[in-house]
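One structure below.
The values are calculated or read from the model by the stated rules, or taken from the named source; none is laboratory data. Predicted model, so just to flag it, every value in this text is computed and none were measured. For neighbour counting, all protein chains shown are included, and Cβ atoms are generated from backbone atoms with ideal geometry for every residue, glycine included.
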Amino acid sequence: MRKILLENLIRGRLTEPAPAASEAALAELAGRLERSAQRRLGRSLSIREVDAGSCNGCELEIHALNNVFYDLERFGIRFVASPRHADVLMVTGPVTHNMREALERTWRATPDPKWVVAVGDCAVDGGVFGASYACVGPVAAVVPVDLHIPGCPPTPQAMLEGLLALLETSAKG
Amino acid sequence: MTTMSALADLLAAGRRVAGHRPWPRIEIDRADWERATALLGDGTLALSGLWGDAGAVHMAVATPAFDALAVVTLACPDGTFPSVGRVHAPAIRLERAAADLFGLVSIDAPDPRPWLDHGRFPTPPLGRSDFRADARRPYVFLPVEGEGLHQIPVGPVHAGIIEPGHFRFTANGETVVRLEQRLGYVHKGIDALMSGATLERAARLAGRVSGDSTVAYAIAFAHAVEAALGDEAPPRAQALRAVMAELERIANHLGDIGAVCNDASFSLMHAHCGVLRERVLRAAASCFGHRLMMDRVVPGGVATDLAAAGAATLRALLAEIGARFPELVAIYDGTASLQDRTVGTGIVGRDLVMHFAAGGHVGRASGRAIDVRRTPGYPPYDRLAFDVPVLESGDVDARVLIRMREIEASRGLIARLLDDLPAGPVARTLDSAGGGEGLALAEAFRGDVLVWVRIEPGGRVARAFLRDASWFQWPLLEAAIEGNIVADFPLCNKSFNCSYSGHDL
Ligand code: SF4
């Protein structure tokens, strides 16, 4: 039975053609090239995800990047458990005051040079939670951000386009 | 005394507040508050929520069968109230939160430590004018004594793509002797953001308390608002809300079943569940315009009607799930290595789920046969018969099996809702001139969500409280892991899948 299921999965060819890198993301990243000039990531990225206050909607869509439709790993992009193994931090949520220190520490633990991607409207500008005693607000208020991917939550497609732009840019660096 | 008459007695003792719907709100004195506390402690009543307000504390209580509810309110002119947690443990964390956010001190509380306040707010929260001094001191974990014990602190940032929280394990060799959770890291101040918000903005906030349950929260919030304003959504809107709610339930259960199997090193299930989950989200996007269906349920109705083509898309989705999902269930049932990890792991006893009135699969896997779609019930479920699976073994396996059967039940529900979709408008304009107070429960995939709202004349939210099912499930996860090996924690945790954001607010 497992064999049948496996065959079904493969025969269906659910994995979709790679989208083009996002134009907006490429434009945003262009200005950042210099900072990464010393870095050659090749065609591979290791990402550490940090929920700094999200409602968990963004996490659901980040998870979807690993399903067979988007299959992030085929691009050499993978999620890693430790910031010490990461090139990229993908940060979600309006950074809460209760998570600020954890985010800063994760950022410091990530080896230089590194890229920070703010994922979702909350991470981009605070979103619906911005004006609260409990939230610092956008990720950029806490750590430097290289790429913003808006959306509430951004679709996996939008995230993929952004990450591919990062891959192209960093490979040129 | 029956639970019904105990509740009726309690209600007769106080002063009924006008304009609170559909269940009564009663202002009671300290003696009756203590009486209510005793009824919770001995299991005559169940606790469904406890929250602070300006100069008062509220508590939502229910009969254990959830066929009757009420809110009881105690004025706290001196900022104190007799602790409920002292005799009824499920209230402890809610009381700690009320102290953080309103400065309300629960007298004789068994655990007075701060909870959501980590001593990092730049201005005092919500109902406080000062900082909580003890929150600025280092957090003290519970002491553990014994030979050969070691501690493993984990988080707030975890290894996977999951929400932040701190777990402190005390282990003897591989065996967990105690788990202590520390939460509150994603506290966003939702209660404060709600106060003064327009209904439109408040609905968006409610739909972002826990993103995975955005539809359920939006439904609970809409019901509470509609109750407060003495109105209800048109029949077609109610049916479409339920279609979305059941899609959300299916999508989340698929994700969690796959994740549990993945943590048991069985990635095939994860891949297949991921395919079906993605199909559900794509169908949702094509029918309702958003993969998670955020902001589609609004007070008064729904924001998007379902076109005929949309109904066909959903029927095709149901057919695919109907064709594929039973095969996945058969694989789960037939894989000994998987069962070896899930059967007998992370057991929660019936007494605990009853005591905590734990909702969702956590309660139903341990013999608590409550689903608020059925009792107290709300439209359109009150005219539909559907299966509410209940098991007794209370382990990871039971929680997985409950979810599997709920997927089947939701599939049947959507099919019947589509067959019988009422015609007519999908929204109506609510008259908010008079304001009011409303209470509602909705069954999210992980259990019941409670929303209480007070609306000012003119339509702004004066105060809202949203209680996730997780409040009464997180403490049971501490109990579930006791005596299990540390390596089984991820499995237990995923089988619960409590919300951090929904709890931290
Ligand atoms: S951007 Fe939207 S989905 Fe993401 S964390 Fe914020 S509210 Fe949730």
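Could you check, for the stretch B:213-223, whether at least one of its residues is more than 14 Å from the chain's Cα centre (by Cα) and buried (at least 24 other Cβ atoms within 10 Å of the Cβ)?
yes
From A:ALA165, A:ALA118, A:ALA158, A:ALA123, grab the single residue that is touching a Ser or Thr at 6+ places or on another chain (Cβ under 6 Å) and within 13 Å of the ligand (Cβ to nearest atom).
On the way: A:ALA165 fails: within 13 Å of the ligand (Cβ to nearest atom); A:ALA118 fails: touching a Ser or Thr at 6+ places or on another chain (Cβ under 6 Å); A:ALA158 fails: touching a Ser or Thr at 6+ places or on another chain (Cβ under 6 Å).
Result of the check over A:ALA165, A:ALA118, A:ALA158, A:ALA123: A:ALA123.
When you scan the stretch B:365-411, how many residues do you find that are assigned to a loop (DSSP other than H, G, I, E, B) and of a type in the set (Gly, Ala, Ser)? Walk me through how you get there before you give the answer.
First, the residues of the stretch B:365-411 that are assigned to a loop (DSSP other than H, G, I, E, B): B:365-372, B:378-380, B:384-395.
Applying the additional criterion that residues be of a type in the set (Gly, Ala, Ser) yields B:365-367, B:369, B:385, B:393-394.
Final tally of qualifying residues: 7.
Going by what's in this entry, would A:MET99 be described as within 13 Å of the ligand (Cβ to nearest atom), surrounded by 17 or more Cβ atoms within 10 Å (Cβ to Cβ), on the phi < 0 side of the Ramachandran plot and away from every other protein chain (no Cβ under 11 Å)?
Here the answer is no, as A:MET99 does not meet what is asked.
Kindly indicate whether any position in the stretch B:309-329 is in contact with a helix residue (DSSP H, G or I) (Cβ under 9 Å, 6 or more places away or on another chain) and outside any helix (DSSP H, G or I).
Scanning the stretch B:309-329, I find no residue that is in contact with a helix residue (DSSP H, G or I) (Cβ under 9 Å, 6 or more places away or on another chain) and outside any helix (DSSP H, G or I), so the answer is no.
State all residues of the stretch A:140-154 that are touching a helix residue (DSSP H, G or I) at 6+ places or on another chain (Cβ under 8 Å) and either within 11 Å of the ligand (Cβ to nearest atom) or away from chain B (no Cβ under 14 Å) (or both); if no residue qualifies, say none.
The answer is A:VAL145, A:ASP146, A:LEU147, A:HIS148, A:ILE149, A:PRO150, A:GLY151, A:CYS152, A:PRO153, A:PRO154.
What number of residues within the stretch A:101-116 satisfy the criterion of being in contact with a helix residue (DSSP H, G or I) (Cβ under 8 Å, 6 or more places away or on another chain) and free of Cβ contacts under 8 Å to residues at least 60 places away in the same chain?
Result for the stretch A:101-116: 7.
Does B:ASP130 count as of a type in the set (Asp, Glu) and touching a helix residue (DSSP H, G or I) at 6+ places or on another chain (Cβ under 7 Å)? Write out each step before concluding.
Numbers: of a type in the set (Asp, Glu): yes; touching a helix residue (DSSP H, G or I) at 6+ places or on another chain (Cβ under 7 Å): no.
Considered against the rule, which asks whether it is of a type in the set (Asp, Glu) and touching a helix residue (DSSP H, G or I) at 6+ places or on another chain (Cβ under 7 Å), B:ASP130 comes out as no.
If you go through the stretch B:188-238, how many residues are among the polar types (S, T, N, Q), within 13 Å of the ligand (Cβ to nearest atom) and either part of a helix (DSSP H, G or I) or at pLDDT below 95 (or both)?
Summing the residues that are among the polar types (S, T, N, Q), within 13 Å of the ligand (Cβ to nearest atom) and either part of a helix (DSSP H, G or I) or at pLDDT below 95 (or both) in the stretch B:188-238 gives 2.
Which residue, of B:ALA303, B:ALA284, B:ALA264, B:ALA311, is modelled with pLDDT of 95 or more and within 23 Å of B:SER499 (Cβ to Cβ)?
Among B:ALA303, B:ALA284, B:ALA264, B:ALA311, only B:ALA284 is modelled with pLDDT of 95 or more and within 23 Å of B:SER499 (Cβ to Cβ).
Taking the conditions exactly as written (more than 30 Å from B:GLU478 (Cβ to Cβ) and of a type in the set (A, V, I, L, M)), does B:MET293 satisfy them or not? Lay out the reasoning, then the answer.
Details: more than 30 Å from B:GLU478 (Cβ to Cβ): yes; of a type in the set (A, V, I, L, M): yes.
Judged against the criteria, B:MET293 is a match.
Can you tell me which residues in the stretch B:182-212 are over 15 Å from the mean Cα position of the chain (by Cα) and more than 8 Å from chain A (Cβ to nearest Cβ)?
B:ARG182, B:LEU183, B:ASP191, B:MET194, B:SER195, B:GLY196, B:ALA197, B:THR198, B:LEU199, B:GLU200, B:ALA202, B:ALA203
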